[in-house]
Amino acid sequence: MYVYDAFDRTFLQERVAEFRDQVARRLSGELNEEEFKPLRLMNGVYLQLHAYMLRVCIPYGTLNATQLRALARVARRYDRDYGHFTTRQNIQFNWIKLAELPDAMADLAEVGIHGIQTSGNCIRNTTTDAFAGAARDEIEDPRLYAEIIRQWSTLHPEFTYLPRKFKIAISAARHDRAATRVHDVGLRLHRRDGETGFEVMVGGGLGRTPYIGKTIRDFLPKEDLLSYLEAIVRTYNLGGRRDNIYKARIKIQVHELGAEAFAEKVEAEWRQIKDGALKLDQAALDTIADRFLTPDFEALPDDPAELATALANPAFARWHANSVVPHKVGGHAIVTLSLKPVGGPPGDCTADQMDTIADLAERYGYGEVRVAHEQNLVLPHVRQKDLPAVWRALDAIGVATPNVGLVTDIISCPGLDYCSLANTRSIPIAQKLTQRFADDARIADIGRLHVNISGCINACGHHHIGHIGILGVEKKDEEFFQISLGGKGNSKARLGELIGPAIPESEIVDAVERLVDTYLELRASPAETFIAAVERLGIEPFKERAYAPR
Amino acid sequence: MTSPLQRKLKISGPTAITANRLADGVVVWLTSGGAWSMAIAEAAIATTGEEVQRLLTLAHGDENTAVGAYAARVEVTAEGRAAPANLRERIRVNGPTIAPAA
Ligand code: SF4
């Protein structure tokens, strides 16, 4: 965990006081809506279909138990007893009253969290691997760099009014668990000749015009991270389009200029600033690293007797095989908590569940919790001997569904049930799919399969990178859904291919099931995953079968 | 380019004015008396572009009570009351179609 200093705490308190004053002035009519709207957005407050929504930033997805309890308290006091975890490792509260927002923010500020950088055309909060600091395949903990970027980008005066929002993701492991190739800037930490540095990708993104990011630098020394980012964002700020909101993201600039020409502009800018104030010397890195409290792990043997005994229970064994992965420290494990129960809205978590998870984190997990961009939670550091007890406790509150990475671990945006921009609903489709695929043995047999649903072209459900992507479109007031196949968000990211005309809402679940059945029939062996089968066979055989015989 | 106001004036049937209440975002409907009601059944129903324009002007002048006012197509019930005409407005009136987390 990163520990905020007095500067951060004072800043947050002042920000809450400022927002309290702005809300009071809006409610009294002193500020009009046009004046107030940008102010509330800068604090993560949106107006959705039925209420104000507060989006709270969880920097690089890391929470401690106290912060999770504060989120539970906000859900209980000011909202309807639940929150919704998003694909950017944030949480949204859907029902907060304007007059109560300053109080909710004050409660959050007490534990160092806020809604800044979750909205507006600024550099948004940096996302990373939910397994950071715990993964075996990690080169370094990426959160150190995410925190450095946070400090540089928060209220950066030059970058507060960019042409459009700007999202950065970092991965520092062999497996990209942060979808870096579909961000405005993706950073991949890797080793070369004994040194570690970043591969820098720009211009990735989903939405109306999806692109996979282009590498503009294979290896950027760590000390140059901030100056290089500053050069990229400056190049974008000066040259990005402001005439058309749909063409304002950096991906359009990179596409229109070409990655090479864009890179040249960045390099030219960078040469001028690289040896300036933004250079990260080791002392600066050490100061920030020192503020991260790393758990004092006990070295323990792998596969303790308690675990071996518990594995005789098939339900525990299934969960263990699905939701638990090895930790970098012996005798420990990383546990993913599925927020995708059968029939539940993906990513929703009740106040009571949050409180219990906070207790479990304290008791069994060194007090740490992570938010995964797949809309699940993670206990990153659990002793293997405690896994049976953790499983029982998680199962009791409904967050131990053994479906992590499987067909029912659906990523879904809020859609028309909440979102004022939506064309169609998303959550009910996810709910029906989880009901159709409710059988644990069946989904385990189907294996790894990512289904992503967005309620409009803005693609908050990342449908372009779903192995099966579902996009809601509206036709004459009716909900229809387009299906794309073969997308993926990992280091070999690829956009899915549309399989044909949109399907009515009443038929979408059947269509997905037919795609899955086609895979089961055609896979070379159970070891061949859905995505591997689509890559081997192409989309044709799936396309033929997706549409119901009419 | 057509201004949003002009676009809204091209009405395709009975229309009511709706917005979100400033204090809490609750969905509200403009009544014929110029007040805001949470009940769509109390909404003033306009059938001409001029009437919609008049109501919208009224609504926009009351931005300290309700914000983001726009004209929404409505259906008219047998009793002559407004009812939602599409899924979006049905959800705005009745709330999310899903139960929240258990
Ligand atoms: S994808 Fe569209 S419907 Fe879904 S949350 Fe984003 S803007 Fe709303």
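Observations on the model:
- Taking a straight Cα-Cα cut-off under 14 Å and skipping sequence neighbours fewer than 8 places away in the same chain, the aspartates and glutamates within cross-link reach of residue A:432 are A:409, A:505, A:507, A:510, A:513.
- The antiparallel fraction among DSSP beta bridges confined to the stretch A:155-209 stands at about 65%.
- Computed 3J(HN,Hα) for the stretch A:293-298, one whole-Hz value per residue from the Karplus formula 6.51 cos²θ - 1.76 cosθ + 1.60 where θ = phi - 60°, is 8, 8, x, 8, 5, 7, glycine and proline marked x.
- Note: relative contact order over chain A, using C-alpha pairs below 8 Å and six or more positions apart, is 13 percent.
- Cα centroid of the stretch A:71-104 to Cα centroid of the stretch A:491-518, whole Å: 33
- Phi to ³J(HN,Hα) by Karplus 6.51 cos²θ - 1.76 cosθ + 1.60 over the stretch A:59-68, Hz, x for Gly, Pro: x, 6, x, 9, 10, 9, 4, 5, 5, 5
- The stretch A:1-34-the stretch A:170-248 distance, computed between alpha-carbon centres (Å): 31
- The stretch A:297-367: trypsin sites (Lys or Arg not before Pro) falling in loop per DSSP and having at most 11 other Cβ within 10 Å: none
- Convex hull per residue volume in Å³, alpha carbons only, for the stretch A:342-474: 114
- Sparsely packed chymotrypsin sites (Phe, Trp or Tyr not before Pro) within the stretch A:331-435, loop by DSSP, other Cβ within 10 Å at most 12: none
- Taking amide hydrogens as placed 1.01 Å from N in the peptide plane, the amide H of residue A:424 sits under 5 Å from those of A:416, each at least 5 positions away in sequence or on another chain.
- Antiparallel bridge percentage (DSSP; both residues within the protein assembly as shown; nearest 5): 85
- Under the combined filter of DSSP loop state and at most 15 neighbouring Cβ atoms within 10 Å, the stretch A:85-170 retains these trypsin sites (Lys or Arg not before Pro): A:136.
- Cysteines in chain A that, by Cβ-Cβ distance, have no pairing candidate under 4.7 Å: A:57, A:122, A:349, A:419, A:456
- Amide hydrogen neighbours beyond the local backbone of residue A:412, cut-off 5 Å, H modeled: A:453
- Taken one residue at a time, the phi angles of the stretch B:74-89 give Karplus couplings (6.51, -1.76, 1.60, θ = phi - 60°) of 10, 9, 10, 6, 4, 7, x, 9, 6, 9, x, 9, 8, 4, 4, 6 Hz. Gly and Pro are set to x.
- Within the stretch A:411-546, DSSP assigns beta bridges of which about 70% are antiparallel (rounded to the nearest 5).
- Computed over protein heavy atoms with a 1.4 Å probe, the carbon and sulfur contribution to the accessible area of the protein assembly as shown reaches 51%.
The values are calculated or read from the model by the stated rules, or taken from the named source; none is laboratory data. Not measured: the values here are computed from a predicted model. Neighbour counts are summed over all protein chains in view; Cβ atoms, including those assigned to glycine, are modelled from backbone coordinates with ideal geometry. The area values use the complete protein model at the heavy-atom level, side chains included, leaving out ligands, DNA and RNA. Shrake-Rupley method; radii C 1.70, N 1.55, O 1.52, S 1.80 Å.
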